[in-house]
Each structure stands twice: as C-alpha cells, then as structure tokens.
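**Student:** Take a look at this one; I'll ask things after.
The values are calculated or read from the model by the stated rules, or taken from the named source; none is laboratory data. Source: prediction; values computed, not measured. Positions of Cβ are backbone-derived with ideal geometry, glycine not excepted, and every protein chain shown enters the neighbour counts.
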C-alpha cells in the first residue's frame with residue numbers, strides 16, 4: 001500500500017541523512033495540508049540535536065527527489081511536520097488496493113450477547129449483541145477464521161430464584177401448568193418470576209434457604225441426567241422458552257448467526273475439575289470452607305471460586321468456559337465483551353488462569369461497555385425489575401419513527417439503533433435517544449442510508465446507471481480531489497478499527513465521507529457535465545464505500561428510502 005511505501009522512504013531518508021533508525025508513522029491531516037503528514041522531525045530532534053523544523057526541511061528536500069514520481073508537493077509546517085500531497089493518478093490507484101488481511105490464517109473466538117435464560121434480556125445484552133456482531137464482522141473482514149460464541153447462564157442462583165417463584169406461583173412443582181402461559185407472554189412472565197424470586201431471596205431468610213436448596217437440586221439434574229422429574233420438566237421447558245425467545249430476537253436484529261451456544265451447564269464441570277486440581281497445586285486456597293483466589297499479589301482482590309456449600313461460582317464457570325474454548329479452537333485470540341462492572345472480576349479469573357493455563361489467558365482480550373439507558377429513564381436493574389429491556393429499545397425506535405409521519409421500514413429502525421450504539425467508543429455509558437437515532441439529518445444510521453440511496457439515484461440517471469467508467473484521474477478540481485482522498489482512507493480506518501476492536505472508527509469515517517460528498521455535489525454538476533465520466537466514477541466509488549462500511553456495522557444499504 002502507498003502508505004507503507006511512503007513510510008519506508010521516509011525511514012530510509014532519515015537513516016541516510018542522520019544515521020538514525022526510527023519508526024515512521026504517517027497520519028491523515030486536514031485536506032488543506034495534503035494527503036499524509038508525519039512528525040518524524042519532532043521525534044528525531046532530541047536524538048540528532050537539531051531543531052525539528054531544520055530536520056524537516058532537510059528530509060523534505062531529499063524526499064522531493066526520492067519521491068518525485070509519487071509526490072506532487074511536499075511542505076514543512078511548524079514546528080516540524082512534513083506534509084505530502086500525492087499525484088492525482090497515484091491517489092486514484094489507491095481505489096483498487098486489495099483489502100488488507102492482517103488476521104489471515106488466525107483463529108479468533110468472539111464471545112458476546114450472553115443472555116441468561118430465565119431472566120429478561122436487557123439493553124446491555126442488546127448492546128453486546130449488536131456491537132459484538134460488528135466486531136466479529138471486522139475480524140472476519142481482516143481474514144480471521146471467526147468463531148462466534150454465545151455463553152448463557154443456564155444454572156446458578158438466578159435460575160433457582162426464578163424456579164422458586166414459579167413453584168410458588170403454581171402451588172407446587174407442576175410443569176403441566178406451564179401450558180396456561182400464553183406464548184407471547186412467556187418471556188415477560190419469566191422475568192416477573194425472577195424479580196419476585198430475587199426479592200424473596202434478599203428479604204426473607206426462609207425463602208433464601210429454600211432457594212439455596214433448590215439451586216443444589218438444579219445442579220443435581222445434570223449430575224443425574226434427569227430430564228423426567230417434575231423439577232426437570234419445569235426447568236428444561238422454561239430454559240427452551242428462553243432460547244426460543246433469544247433466537248427470535250437475533251433473527252429480528254439481523255445479526256450473523258452464532259457458531260456455537262455454550263451453556264454454563266456444559267462448561268461448569270470443566271471449571272470445577274480445573275479449580276480442584278489447582279487447589280492441590282496451590283493456585284487456589286481454602287478459606288472458611290470456600291475455595292478462593294487471592295488476587296492481592298496481582299494488584300487485584302480475593303474472589304470465591306467454590307462456595308462453602310460446594311457450589312461453583314461464576315468465576316469457576318468462566319475458567320471452564322476459557323478452557324473449553326481453548327481446547328476446541330486453540331485460538332490466536334479470544335475476545336470477550338461484557339459490561340464494565342465485570343472488568344475486575346474477569347481480571348481475577350484471568351490472573352488465576354495464568355498460573356496454570358498461561359497461553360489461553362494471555363491471548364484473551366476483555367472489552368467492556370458502560371450502562372445503556374433510554375433517554376429520560378433510570379439506571380437499569382434486573383434485580384429490581386426496572387430494567388430497560390431490549391424490546392423497549394426496539395419499540396422506542398419504532399415509535400419515534402412513526403412520530404415522524406414517515407413510518408420507516410424495519411431496516412431503517414435497525415440502522416438507527418445499531419449506528420447509535422456503534423458511534424460511541426466502547427466503554428462509555430450510552431443514553432439512547434430514539435428521536436435522534438431515527439433522524440434523517442445529523443450523525444445517524446438513517447442519514448447514511450439516505451446518503452447511499454441518494455448516490456444510487458444519481459448513478460441511475462446516467463446511461464447504464466452503474467457509474468463504472470474508464471475515467472482519467474488527472475488535474476482534479478479541489479472538491480473532486482477531496483472526495484477521492486477521503487475514499488482512499490477507508491482501508492486505513494478499517495485497519496485501525498480491527499487493531500483496536502472499535503467500530504466507532506467506521507462510523508466517524510462514514511459520516512465524514514458523507515459530508516465530504518455533500519461538499520463535492522454542491523459544487524459540481526455530475527450528469528451532463530464535460531467531466532461526467534470522472535464524476536460518475538467518483539460517485540460510484542463513494543457509494544460502494546458507504547455500502548461496505550455500513551455492511552461492517554451490520555446495517556443494510558437500501559437503494560431507496
């Protein structure tokens with residue numbers, strides 16, 4: 001790629017002039033300064049003992065000769081930046097650059113969504129589902145063999161709380177009573193049972209003891225391979241209800257299907273075996289009857305892995321999950337996406353694993369996100385029952401769309417939500433504003449869909465409608481060149497998004513690209529102009545870049561809106 005060629009040329013010139021080996025990094029400046037800029041002179045100043053501006057002038061003079069066939073202008077800007085402007089035809093050649101594949105031949109396992117059966121699917125799960133899908137698309141685009149994993153908590157206290165409430169609701173372990181719950185109400189009904197069971201667990205000591213006993217019985221279902229008892233039928237039926245609901249939602253969201261669903265019940269035995277083995281080896285320790293990991297030596301804190309009652313905690317299950325993924329995929333990289341509140345928790349799990357399974361632990365990247373709120377809403381809590389549900393987010397976007405009087409299509413509703421989540425850097429809290437997200441003006445998904453449809457409309461007015469021509473990119477006018485230069489940034493933006501696992505870079509680029517196109521179109525006639533061939537080719541490349549960028553975000557690019 002041209003960027004790498006320029007970086008090598010600058011590095012070679014620095015070595016020849018100053019006998020110094022140094023890394024060179026080019027970045028994209030404001031278009032009025034050129035196509036690329038470097039601060040190498042500022043980096044060299046201390047080593048060389050010369051003012052950075054003087055170093056920059058020396059490098060610029062040499063590079064004007066070395067790069068005469070590639071560069072139309074090299075300029076030095078205070079306090080020592082060197083700006084490069086490529087020849088028009090060379091800039092145009094970058095349109096045909098093949099996609100870089102930095103992750104080719106690598107296996108990358110991505111775990112996201114992770115909703116818990118028996119509990120409501122909240123806005124945080126919606127966020128990880130959508131942003132996880134985007135990251136998986138980016139990684140796959142970069143050439144990796146991508147394995148999409150969905151991990152669900154089908155055992156544990158939250159399940160016992162829900163089932164305890166169901167038993168109270170029916171007046172006993174009566175699975176046949178489930179047939180009285182209408183299919184459309186199953187998910188909400190189970191959510192209500194969890195909230196009721198959790199309140200009882202926290203407020204009623206008798207209920208708490210009953211739930212603890214029930215929790216042990218649920219684990220025993222797997223030990224005994226019991227699918228026939230009343231409790232088993234109640235458990236497995238409601239677990240399937242949850243899975244059916246999740247699957248329906250994923251189809252509605254138009255995310256790439258998961259390659260594998262891993263329930264806690266499958267990985268828990270793996271985790272228990274590992275923790276018990278490493279208890280003997282001294283990685284984990286006994287404390288008041290429980291098995292713990294003392295993370296203070298790692299700058300962390302102590303966490304329980306097996307309770308005094310002998311039950312595995314989430315920590316042990318995550319050990320089992322990591323070991324299962326490593327055993328089955330031997331990944332180059334494992335990416336996990338969860339809420340910020342699990343950052344310290346996961347740090348302790350991985351720190352303990354580094355003592356006996358260093359390679360899988362060190363190849364794991366944990367991304368965390370903030371709280372997702374609906375504008376004007378309260379902080380969610382599934383325990384208190386005042387969560388912002390995934391369905392509420394979807395419904396609020398549809399209602400906002402209907403309020404505009406345009407009744408936008410479902411693909412536009414999805415674009416509004418997906419882009420609203422993606423444009424924020426992963427990690428911060430997000431307040432979802434339905435009206436802002438659905439707007440056809442401003443930095444929104446529907447705006448970019450409209451921008452694509454507008455470009456396709458321009459192309460449809462030309463003979464053949466494709467925009468594919470044998471255009472000559474020479475002596476470009478300023479707005480033509482600005483659009484061309486912006487389009488050529490796309491691959492570099494993808495590379496950055498892949499390296500950082502941050503889809504918001506794609507969003508920022510697409511919005512800036514659309515604005516650049518607006519400036520171009522306001523200043524230039526396309527159809528019927530003497531420069532029609534060139535400008536149609538620019539419009540076509542712009543449209544295809546928009547379409548490709550939206551696809552990486554899981555957003556459709558409709559021909560018409």
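**Student:** Looking for something in contact (Cβ under 8 Å) with a residue 60 or more places away in the chain, assigned to a loop (DSSP other than H, G, I, E, B) and within 28 Å of residue 108 (Cβ to Cβ) - is there at least one such residue anywhere in the range 278-285?
**Tutor:** yes
**Student:** Return the residues of the range 121-145 that are without any contact (Cβ under 8 Å) to a residue 60 or more places away in the chain and under 14 Å from the mean Cα position of the chain (by Cα); say none if nothing qualifies.
**Tutor:** Listed by number, the list holds a single entry, 140.
**Student:** Take the conditions within 28 Å of residue 433 (Cβ to Cβ) and modelled with pLDDT under 95 and apply them to residue 374. Does it pass?
**Tutor:** Here the answer is yes, as residue 374 does meet what is asked.
**Student:** Looking only at the range 75-84, count every residue that is in contact (Cβ under 8 Å) with a residue 40 or more places away in the chain and either in the same structural domain as residue 475 (by TED's automatic domain parsing) or crowded, with 19+ Cβ neighbours inside 10 Å (or both) and tell me the total.
**Tutor:** Residues meeting the conditions: 5.
**Student:** Restricting to the range 34-54, name every residue that is surrounded by 18 or more Cβ atoms within 10 Å (Cβ to Cβ) and assigned to a helix (DSSP H, G or I).
**Tutor:** If the condition is that a residue be surrounded by 18 or more Cβ atoms within 10 Å (Cβ to Cβ) and assigned to a helix (DSSP H, G or I), then 40, 41, 43, 44, 45, 48, 52 are the ones that fit.
**Student:** Does the range 56-66 include one or more residues that are modelled with pLDDT of 95 or more and outside any helix (DSSP H, G or I)?
**Tutor:** Taking every residue of the range 56-66 in turn, none turns out to be modelled with pLDDT of 95 or more and outside any helix (DSSP H, G or I).
**Student:** Only one of these is crowded, with 16+ Cβ neighbours inside 10 Å and either under 14 Å from the mean Cα position of the chain (by Cα) or assigned to a helix (DSSP H, G or I) (or both): 541, 518. Name it.
**Tutor:** Step by step, each of 541, 518 is checked, and only 541 is crowded, with 16+ Cβ neighbours inside 10 Å and either under 14 Å from the mean Cα position of the chain (by Cα) or assigned to a helix (DSSP H, G or I) (or both).
**Student:** Further, regarding this structure: Mind telling me which of the residues 548, 556 ends up being outside any helix (DSSP H, G or I), over 20 Å from residue 481 (Cβ atoms) and under 24 Å from the mean Cα position of the chain (by Cα)?
**Tutor:** 556
**Student:** While we're here: Quick check on residue 499: is it at pLDDT 95 or above and either assigned to a helix (DSSP H, G or I) or out of contact with any strand residue (DSSP E or B) (no Cβ under 6 Å at 6 or more places or on another chain) (or both)?
**Tutor:** Yes; evaluated as a whole, the condition is true for this residue.
**Student:** May I pose another question? Out of curiosity, is residue 61 in contact with a strand residue (DSSP E or B) (Cβ under 7 Å, 6 or more places away or on another chain) and not assigned by TED's automatic domain parsing to the domain that holds residue 241?
**Tutor:** Taking the combined requirement at face value, the residue does not satisfy it.
**Student:** Which condition number in (1) part of a helix (DSSP H, G or I); (2) under 30 Å from the mean Cα position of the chain (by Cα); (3) over 24 Å from residue 121 (Cα atoms) is the one that residue 407 fails?
**Tutor:** Against the list (1) part of a helix (DSSP H, G or I); (2) under 30 Å from the mean Cα position of the chain (by Cα); (3) over 24 Å from residue 121 (Cα atoms), residue 407 comes up short only on (1).
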